[in-house]
Amino acid sequence: MKRTRQFFYGLGLGAIVILLLSGACTAPKQGYDILIKGARVVDGSGNPWYPADIGIRGGKIAAIERVLDEGDASEVIAAQGMIIAPGFIDVHTHVDRGILQNPSVENYISQGVTTVVGGNCGGHEFPLAEFFAAAVEKGIALNIAMLAGHNTIRREVMALKMEAPTAEEMSRMKDLLDREMRSGAIGLSTGLAYLPGVYSKTEEIVELARAVAPYNGIYASHIRNQAEGISGAIREAIAVGEANGISIIISHIKLADETIWNRPELITGPVEEAKARGLEVYLDQYPYTATSSGFTSSFPQEVFEGGKDKFKERLNDPAVYLRVKNHLIERRLTSRRGINKLQGILVAECRTFPDYEGKNLEQILELLQKEPSVENAGDLIIEIEKAGGASAVFFQMDEADVETLMRLPYLMIGSDGAVQVRGRGFPHPRSYGTFPRIIGRYVREKGVLRLEEAIRKMTSLPAQALKIKDRGQIREGMWADVVVFDPQTFEDAATFASPHQFGRGPAFVLVNGEIVFNQGGWTGRLPGKPLFGKGKTG
């Protein structure tokens, strides 16, 4: 019996119609599972677009021709006027924290993302063998590669000790990292502004990364300082890679303090010096002027040594409390440019005080009927941290710097986001809007990037940096991770006030040759898979 299925996607220029074509007795001549007709191909290389039909068979791109016969396909996507591009590769996420509970990952597939990298900023789901096994068993909508996190490994061996590791502790950390690499990790990540990585010295990271080199792994670092010490922090990351002959990714690069705004040479100087020496160095960036993290990183880190109980005990000492409060005021609440920092810090999620979510510090103090002063704001942050902490959004970058850095040829796009449940908290909108925002705001509206260059930064460049050989471009034989979208309407909708908003578009997203997203929603399919590093055994 012949069956026909239709999809409609409103794009202003008309409707996209998909027809499921099947014959009762005859088989397709070429046997394409899906044929995408009439699109403009932006292949991920950075080259200009060209018109072509794309035939997909067995999960891979089987043919790219000016015209392919519809009779050779089981399913046809009519994509006239649309762009077809490689699925976006998000080089920097924390999706591993929630993907097993929310395998559809709709806030990512709705952006056109088909591959994510987890385990960033020094933290990963441990042990990786169990995580990968669960992902395969339960199924996931997109592909995931994983870094092994230094903070996770150090915590397993040393808890929250500030001391340098003993020879025995270093040996145990290297053994754990080696095991994670053989489980399929693609490299090592650090979060040197977070616990317990902040307690480590450069020599520790250099030595630990020796366990990555035999597997052709990479080193990705949330560097130690993104303010006035940023050049030195970048050089530290480069030193780790250079000592071990491995490539380096500087995570979510930014000039994150008003004292260094409009000084991109603080970043490009050390990076381009290293590249001139033949080192492989990449940057990634999210296209916003606000960061997001827990309040913990705003404190002097020594107060957390030994754990939460020790932290609370120390804060009972008035002298320690005053020192911590002054540190918060200087680090987070004071502006030399006259910026109201209380309005620029937004509580994203706070389980102990849910009424604070979505409000800035000034609004929370007003809610508590307290004067919105830096003194009271310092007390408020301490109170929140003692009660269990919170994640927050910090407005601390300049838009001109975002655009300047975005143009660098070795810079990739990465969201630094996570799996989100719609309606829960007020997360940074990057988890919903990073990739459509690049197309809508920075390509179409502002002209910061050409469309082809923007797509290169989201596809083949991250594939190159991550050493993924069979994704990131529209090429015959590549896995069919693709996104189809209207370049005139593709844009983000998530805002800081209303973050749980899918972007406008894309029309279709395919992962390993299966449609996972169309007409604005998940199709129910889970064709994603773990992407393993070269050390994978078994």
All conditions in (1) buried (at least 21 other Cβ atoms within 10 Å of the Cβ); (2) of a type in the set (Ser, Thr, Tyr); (3) over 22 Å from the mean Cα position of the chain (by Cα) are true of THR202 except (1)
Qualifying helices (runs of 4 or more DSSP H) (wholly inside region 302-383; at least 3 residues being within 32 Å of the chain's Cα centre (by Cα), surrounded by fewer than 16 Cβ atoms within 10 Å (Cβ to Cβ) and not assigned by TED's automatic domain parsing to the domain that holds TYR194) = none
Taking the options VAL67, VAL76, name whichever one is more than 25 Å from HIS252 (Cβ to Cβ) and outside any strand (DSSP E or B).
-> VAL67
Tell me which residues, restricted to region 514-531, are touching a Gly at 6+ places or on another chain (Cβ under 7 Å) and of a type in the set (A, V, I, L, M, F, W, C).
-> LEU526
Have a look at ALA507, ALA494 and point out the one that is touching a strand residue (DSSP E or B) at 6+ places or on another chain (Cβ under 7 Å) and either touching a residue at least 60 places away in the same chain (Cβ under 8 Å) or among the small types (Gly, Ala, Ser) (or both).
-> ALA507
Does GLU106 meet the test of being out of contact with any Phe, Trp or Tyr (no Cβ under 7 Å at 6 or more places or on another chain) and either closer than 19 Å to ASP481 by Cβ or without any contact (Cβ under 8 Å) to a residue 60 or more places away in the chain (or both)?
-> no
Looking at PRO196, is it over 27 Å from the mean Cα position of the chain (by Cα), under 19 Å from GLY307 (Cβ atoms) and at pLDDT 95 or above?
-> no
Checking GLU169 against (1) free of Cβ contacts under 8 Å to residues at least 60 places away in the same chain; (2) buried (at least 17 other Cβ atoms within 10 Å of the Cβ); (3) more than 21 Å from ALA465 (Cβ to Cβ), the condition it does not meet | (2)
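The values are calculated or read from the model by the stated rules, or taken from the named source; none is laboratory data. Given the structure is predicted, the values throughout are model-derived calculations rather than measurements. When we count neighbours, we look across all protein chains shown, and the Cβ atoms used for this are built from the backbone with ideal geometry, even at glycine.
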